[in-house]
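Below you'll find the structure, written out as structure tokens, and then a few comments.
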Amino acid sequence: MSTSQGDKFEYPPIPEASGGETRIQCPFCFKALGRKELEAGDDYWKHHSLRLALKVFR
């Protein structure tokens with residue numbers, strides 16, 4: 001994603017689960033995220049991260 005000034009948004013790394021955890025806590029908003037969704041691909045994480053960034057930088 002690029003802004004009108006040409007800046008680029010870099011997505012933070014996807015948080016990793018340890019052991020048999022089924023939920024992973026987002027390190028930014030502290031919401032519990034589903035492990036299956038996070039491991040299925042990066043679209044879920046990118047959408048979640050972008051929503052957070054848009055809230056912060058409005």
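Every read-out reported here was derived from the displayed coordinates using simple, explicitly stated rules and does not represent laboratory data. Because the structure is predicted, anything quoted here is derived from the model rather than measured.
Tabulated results
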quantity: Which labelled figure in (i) 25, 12, 8; (ii) 28, 11, 7; (iii) 17, 15, 10 is semi-axes √(5λ) of the Cα gyration tensor in Å, once derived from the coordinates; calculated: (i)
quantity: Reachable lysines from LYS55, criterion Cα separation under 21 angstrom, eight or more residues apart if same chain; calculated: LYS8, LYS31, LYS46
quantity: Computed [θ] at 222 nm, deg cm²/dmol, the chain (DSSP H ≥ 4; -39,500 (n - 2.57); rounded to nearest 500); calculated: -11000 deg cm²/dmol
